[in-house]
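First up is the structure itself, then whatever we jot down about it.
The values are calculated or read from the model by the stated rules, or taken from the named source; none is laboratory data. None of the values given here were measured: they were computed from a predicted structure. Reconstructed Cβ throughout: ideal geometry from the backbone, glycine too, with neighbour counts over all protein chains shown.
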Amino acid sequence: MRQGSRAASAAPARAWLAGVFLALGGLGLLSGCAGLPGPSAPSASERAPDAEPAEPEASVAEPRPTANPQSVSRAEFGSGWPFTVAEGTVSCEATPGGDPLTVFAAPGGSRYALNEVAGSEELGDIREVLDGRIRGFRAFALSLCELPAAP
């Protein structure tokens with residue numbers, strides 16, 4: 001019976017300790033939310049050398065998707081323009097498997113896949129005309145998939 005009484009006396013101590021942790025957590029003392037500033041994002045000098053820098057904000061708001069295909073240009077996208085060419089056409093096409101394939105067509109007719117799906121290997125390597133981060137532009141191109149394709 002000694003072990004039973006020892007366990008019985010430890011239960012109130014555990015309950016009290018749990019109550020203390022809950023109270024301190026509720027006050028923000030354990031979570032770092034007690035009015036003190038939290039950790040900030042590391043500065044460029046504090047980041048690991050191989051870490052990608054934060055994507056800069058575009059100086060011009062992205063245009064709205066209005067047609068599929070849609071003419072696009074550096075003037076419309078501002079600093080968010082990721083290509084070495086000043087303009088082109090972006091479209092969303094369905095692959096034979098039904099997946100959306102987003103395509104950038106440069107002046108002169110060269111076509112490049114913006115996303116990797118079955119069928120995209122037939123198009124040019126987008127890195128041939130890439131001069132920046134493509135993430136925001138790729139999202140714009142994918143939004144064209146919601147529009148009906150022109151005949």
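Looking at SER31, is it surrounded by 11 or more Cβ atoms within 10 Å (Cβ to Cβ), modelled with pLDDT of 50 or more, of a type outside the set (D, E, K, R) and more than 16 Å from ARG135 (Cβ to Cβ)? Judged against the criteria, SER31 is not a match.
For first residues located in the range 106-129 and more than 18 Å from ARG74 (Cβ to Cβ) and without any contact (Cβ under 8 Å) to a residue 40 or more places away in the chain, partners that are β-branched (Val, Ile, Thr) and assigned to a helix (DSSP H, G or I) and lie 6+ apart or on another chain with Cβ distances below 9 Å form the pairs ALA113/ILE126. In the range 74-110, the residue that is modelled with the highest pLDDT out of those that are surrounded by fewer than 16 Cβ atoms within 10 Å (Cβ to Cβ) and in contact with a Gly (Cβ under 6 Å, 6 or more places away or on another chain) is SER110. Every test in (1) surrounded by fewer than 18 Cβ atoms within 10 Å (Cβ to Cβ); (2) in contact with an Asp or Glu (Cβ under 8 Å, 6 or more places away or on another chain) is passed by PHE140 save one, and that test is (1).
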